[in-house]
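The structure appears below as structure tokens.
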Amino acid sequence: MTIDQGTRLADSLARLGTETAFSVLARARELERQGRDVIHLEIGEPDFDTPAHICDAATAAMRAGQTHYCPSAGLVELREAAAEYLGRTRRLPIAPERVLVANGAKPFLFFGILATCNPGDEVIYPDPGFPIYESAINWVGATPVPLPLHEERDFVFDPDELESRLSSRTKLVILNSPQNPTGGVAGRNDLAAAARLIQQTDAWVLSDEVYSEMLYEGEFASIASEPGMLERTILLDGFSKTFAMTGWRCGYAAVPDALVDPLVRFFVNSTSCVPPFIQLAGVAALTGPMDDVEAMMREFRARRALVVEGLNALPGVSCRTPLGAFYAFPNVSGTGFGADELARRLLDEAGVAVLAGSAFGQVGRDNLRLSYANSQANLAAALERIGAFLAGNEPGR
Ligand SMILES: Cc1ncc(COP(=O)(O)O)c(C=O)c1O
């Protein structure tokens, strides 16, 4: 008997989304295999090496035999270092017992939603926003309630719009600042207003702060620092972006007491633990010198200026200056091209890989996301290619 493979898969798979960045990267690599030259502005990872002292800590730990299973909640050394770091940078005391370690920030998003939401619960999340939020919300059968981030507000949520979406059905509010894909950064006032509104409900908060060190102006603010908020907030950070450690797969979060055991159970059921030698490298990252991070941010700042200026010089393109992360989110509606078509054709015809804003939600459908994690020379070449494409082509193919 032949098996119809399609019908033998779980129905729930239809609810699981994905990250377009990985499929665009695959298409770009395919074009490269055919001999085409592609400038990569699609993937969200720093193009810098992980600082040497962090790599040294990992190899020393490996040689010292830190290569076995370890506690699913994380090594005490890293939980303590992360509690100290989160407490210092968010200005509030955090007990190490409430800090958990996972294979990147992503498991906290997925398992955090699984651990808090029932089918039918409402979850408020940013639109445009990191696509895994909506994917996990749909997977559990909860109802996604997008919170629009408008260009006019530099992609920061409007507390009035948050208020109109909060209800007795709201189980979780997801915030992300500095933000992917817009580079928007929420200030203290908006976060304080959000905290006051959320405190009138029973909702949990998931504050995704993986870009917290990637700030170009002003001071970083966290909703967890607002009075009473830590009790209901998953305060999420990680190593991927700050320390150019995307491939190491390590993240951490301070979580409310009631979520410690459920999240650890998800880790036990899925990944068991983060390799201990990686966690010890994480300790070196959080407690060691920040010179490499500062040098990386100086370079990102120069690239930001180059990209924003270059985009705004293109006819029909307007780009706000992002205050954080390493993404530009230009509006391309004035070019006559739809953003989806433009993203597709820039890759196929101009050799520039970018993402269409629609990959991050409806509100970003007129925009592109450019990750400026590439050299200034490549960024300048990409801007030239985009300019030449716009000058020489018509929409509609
Ligand atoms: C907003 C946001 N949260 C979480 C992640 C996932 O980070 P990690 O590599 O730590 O899993 C990303 C990665 O792109 C992100 O942009």
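Can you pull out every residue in the stretch 145-155 that is among the aliphatic types (A, V, I, L, M) and either surrounded by fewer than 18 Cβ atoms within 10 Å (Cβ to Cβ) or more than 16 Å from the ligand (Cβ to nearest atom) (or both)? Answer for the stretch 145-155, where residues must be among the aliphatic types (A, V, I, L, M) and either surrounded by fewer than 18 Cβ atoms within 10 Å (Cβ to Cβ) or more than 16 Å from the ligand (Cβ to nearest atom) (or both): just VAL145. Just a yes or no: is a residue in the stretch 131-144 open to solvent by less than 10 Å² (accessible area, probe 1.4 Å), within 13 Å of the ligand (Cβ to nearest atom) and touching a Pro at 6+ places or on another chain (Cβ under 6 Å)? Within the stretch 131-144, none of the residues are open to solvent by less than 10 Å² (accessible area, probe 1.4 Å), within 13 Å of the ligand (Cβ to nearest atom) and touching a Pro at 6+ places or on another chain (Cβ under 6 Å). Of all residues assigned to the stretch 169-177, none qualifies as being within 16 Å of the ligand (Cβ to nearest atom), touching a strand residue (DSSP E or B) at 6+ places or on another chain (Cβ under 6 Å) and more than 23 Å from SER212 (Cβ to Cβ).
Filtered by the rule that a residue be in contact (Cβ under 8 Å) with a residue 40 or more places away in the chain and among the hydroxyl-bearing types (Ser, Thr, Tyr), the stretch 322-345 gives TYR327, THR335. Selection of the stretch 239-268 for residues being without any contact (Cβ under 8 Å) to a residue 60 or more places away in the chain, closer than 21 Å to PRO71 by Cα and open to solvent by less than 10 Å² (accessible area, probe 1.4 Å) yields only PHE239. Scanning the stretch 1-37 for residues that are charged (D, E, K, R) and closer than 30 Å to ARG345 by Cβ yields GLU19, ARG27, ARG29, GLU30, GLU32, ARG33, ARG36, ASP37.
A search for C-beta distances below 6 Å between a residue of the stretch 97-121 that is on the phi > 0 side of the Ramachandran plot and any residue that is charged (D, E, K, R) and surrounded by fewer than 23 Cβ atoms within 10 Å (Cβ to Cβ), counting only pairs 6+ apart in sequence or on different chains, returns GLY104/ARG249. Within the stretch 363-373, is there a residue that is at pLDDT 95 or above, among the acidic types (Asp, Glu), open to solvent by 20 Å² or more (accessible area, probe 1.4 Å) and farther than 24 Å from MET297 by Cα? Yes, the conditions are met somewhere in the stretch 363-373. Applying the condition of being in a helix (DSSP H, G or I) and polar (S, T, N, Q) to the stretch 319-339 and asking which residue is nearest to SER240 (Cα to Cα) yields SER333.
Residues of the stretch 368-387 that are closer than 18 Å to GLU45 by Cα, assigned to a helix (DSSP H, G or I) and in contact with a strand residue (DSSP E or B) (Cβ under 7 Å, 6 or more places away or on another chain): ASN378, ALA382. Quick one: which residue in ASP158, ASP202 is open to solvent by 10 Å² or more (accessible area, probe 1.4 Å) and under 21 Å from the mean Cα position of the chain (by Cα)? Unique residue meeting the criteria: ASP158. Scanning the stretch 269-282 for residues that are more than 16 Å from the ligand (Cβ to nearest atom) and open to solvent by 50 Å² or more (accessible area, probe 1.4 Å) yields one hit, ASN269. The set of residues in the stretch 85-110 being open to solvent by 30 Å² or more (accessible area, probe 1.4 Å) and within 16 Å of the ligand (Cβ to nearest atom) consists of ASN103, LYS106, PHE110. Does THR182 count as within 11 Å of the ligand (Cβ to nearest atom), touching a Gly at 6+ places or on another chain (Cβ under 9 Å), hydroxyl-bearing (Ser, Thr, Tyr) and within 22 Å of PRO322 (Cβ to Cβ)? Considered against the rule, which asks whether it is within 11 Å of the ligand (Cβ to nearest atom), touching a Gly at 6+ places or on another chain (Cβ under 9 Å), hydroxyl-bearing (Ser, Thr, Tyr) and within 22 Å of PRO322 (Cβ to Cβ), THR182 comes out as yes.
Entry remark, the stretch 338-373: residues being under 18 Å from the mean Cα position of the chain (by Cα) and of a type outside the set (Ser, Thr, Tyr) number 15 in total.
Listed by position, the helices (runs of 4 or more DSSP H) contained in the stretch 37-155 that have at least 2 residues being closer than 30 Å to ASP11 by Cβ are 106-116, 131-139.
Scanning the stretch 23-41 for residues that are at pLDDT 95 or above and within 16 Å of the ligand (Cβ to nearest atom), we see that the one that is most open to solvent (accessible area, probe 1.4 Å) is HIS40.
Please indicate, with yes or no, whether at least one residue in the stretch 220-238 is of a type outside the set (Asp, Glu), near the ligand (Cβ under 10 Å from one of its atoms) and open to solvent by 10 Å² or more (accessible area, probe 1.4 Å). No, the conditions are met nowhere in the stretch 220-238.
The values are calculated or read from the model by the stated rules, or taken from the named source; none is laboratory data. Just so you know, these numbers come straight off a predicted model, no measurement behind them. Glycine also receives a Cβ, built like all others from the backbone with ideal geometry; neighbour counts cover every protein chain displayed. Each accessible area value is taken on the protein alone, full model and side chains, heavy atoms only, with ligands, DNA and RNA left out. Shrake-Rupley method; radii C 1.70, N 1.55, O 1.52, S 1.80 Å.
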